[in-house]
Amino acid sequence: MIYTCYDMIRDCREGKREGWAYFVSRYVPVLGWLIGHYFPSRKNDAALVERILVSLRASTASLFDSFDPAPERHFLLALRARVLGEAERDRGTPPAECPLDLETLAEALAPLTLTEKQAVWLETMSYDEQPTSRMLKMAPDTAVRARERAAEMLRVKMSSWRRSVVADNGAVLIGEALKARTADCLPAKAFLDIIDGRATWSNRGQMERHVNSCWHCIDHFCRLREASVLRDLPNQLSEAEADPYLKLLGIEPEPRAFWKKLRGK
Ligand SMILES: [Zn+2]
């Protein structure tokens, strides 16, 4: 039987080494990818990856507590939050030259459609128009136009403005959106149903109306879109590549049979 994310979450909760071996093999590449994407200047900083791994092992709070409805994407959301938080603690990002808060952004961009708002929000998450248009299943030109419209709406609203103001303030905006949760906010399942094509907004007018004016939900929606991409990253460390990380975390090497199970062979 193939070892899955479910098994990993259960085993890590129970402190079993199999869980950590799977974690290292499957998610160290994701961790490296996240660092490269969100902190490009630290892309090949192997020591940073090691420090983050050690801190994840030392405190697993919020990391292995998700099971439903899509364990791997929930886990990826938790992993992303921890990795970005640890990297920020390791070395803080300096504040942007033109500060932009969520309230100003929300006011300025209120007239945009929900899809346009996501195209803008993915800019706070450092995605340029190619990956953005893939995540939103739109033409790259549409993403560019949405961002240009948003840039103009912000420019007239802000006393000091530059074209990259949304991306420059990404960390602050994302932090504020996370805290903006309301009682009406939608569960992950509602967004996953749309991302996976099991549902559309058309018969859920009320839900769409909420999300369209709630940047907490827009951020959640975008993070789940990102998790769907992270889940499909092809990398997986081999036994030899995983070994030094397991040593670093003080985890006994796994017998060969475990690695065979991991590969489903
Ligand atoms: Zn909401």
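With θ set to phi - 60° and the Karplus curve 6.51 cos²θ - 1.76 cosθ + 1.60, what are the ³J(HN,Hα) couplings of the range 165-173 in order, to the nearest whole Hz, using x for Gly and Pro?
Each residue of the range 165-173 in turn: 4, 5, 5, 4, 9, x, 4, 5, 4 Hz.
Report, to the nearest whole %, how much of the accessible area of the range 102-231 belongs to carbon and sulfur atoms, 1.4 Å probe, protein only.
50 percent
Using the eigenvalues of the Cα gyration tensor, what equivalent ellipsoid semi-axes result for the range 93-225 when each is taken as the square root of five times the eigenvalue, whole Å, largest first?
24, 17, 13
Near C98, within a Cβ-to-Cβ distance under 14 Å, what is the net charge of the other residues, with Lys and Arg +1 and Asp and Glu -1?
+1
For the chain, please report how many Lys pairs fall under 24 Å Cα to Cα, leaving out neighbours fewer than 8 apart on the same chain.
14
Using a 1.4 angstrom probe, figure out how much accessible area the range 129-196 has per residue, in square angstrom, rounded to the nearest whole.
55 Å²
Per residue, how many Å² of accessible area does the range 45-126 show with a 1.4 Å probe?
43 Å²
About its Cα centre, what dipole magnitude does the chain give when the only charges are +1 on Lys and Arg Cβ and -1 on Asp and Glu Cβ, stated in debye to the nearest 20?
440 debye
Per DSSP H run of at least 4 residues, take -39500 (n - 2.57); add these up for the chain, divide by its residues and hand me the 222 nm value, nearest 500 deg cm²/dmol.
Calculated from helices alone, the mean residue ellipticity at 222 nm is -20000 deg cm²/dmol.
Please compute, over every Cα-Cα pair in the chain, the percentage with a separation greater than 36 angstrom.
19 percent
In the chain, which cysteines lack any other cysteine Cβ under 4.7 Å from their own?
Cysteines lacking a close Cβ partner in the chain: C5, C12, C98, C185, C222.
Cut-off 10 angstrom, C-alpha nodes, Gaussian network model of the chain. Which of T60, T182, T115 fluctuates the most?
Comparing T60, T182, T115 in a Gaussian network model of the chain, the most mobile one is T182.
Which one of I2, H37, F64 is farthest out on the positive end of the charge dipole of the range 1-71, using unit charges on Cβ (Lys, Arg +1; Asp, Glu -1) and the Cα centre as origin?
H37
Kindly give the semi-axes, whole Å and largest first, of the ellipsoid equivalent to the range 148-248, taking each as the square root of 5 times a Cα gyration tensor eigenvalue.
Computed over the range 148-248, the values are 32, 24, 13 Å.
Tell me, what is the percent relative contact order of the chain, built from C-alpha pairs under 8 Å that lie six or more residues apart?
After rounding, I find 29 percent.
Give me Rg/Rg_expected for the range 17-148, where Rg uses Cα atoms only and Rg_expected = 2.2 N^0.38 Å with N residues.
1.22
Given +1 on the Cβ of Lys and Arg, -1 on the Cβ of Asp and Glu, and no further charges, what dipole in debye does the range 102-231 carry about its Cα centre, rounded to the nearest 20?
Roughly 180 debye for the range 102-231.
The values are calculated or read from the model by the stated rules, or taken from the named source; none is laboratory data. Because the structure is a prediction, the values reported are computed rather than measured. Using ideal geometry, Cβ is built from the backbone for each residue, glycine included, and neighbour counts are taken over all protein chains shown. Calculation scope for accessible area: heavy atoms of the full protein, side chains included, ligands and nucleic acids excluded. Shrake-Rupley method; radii C 1.70, N 1.55, O 1.52, S 1.80 Å.
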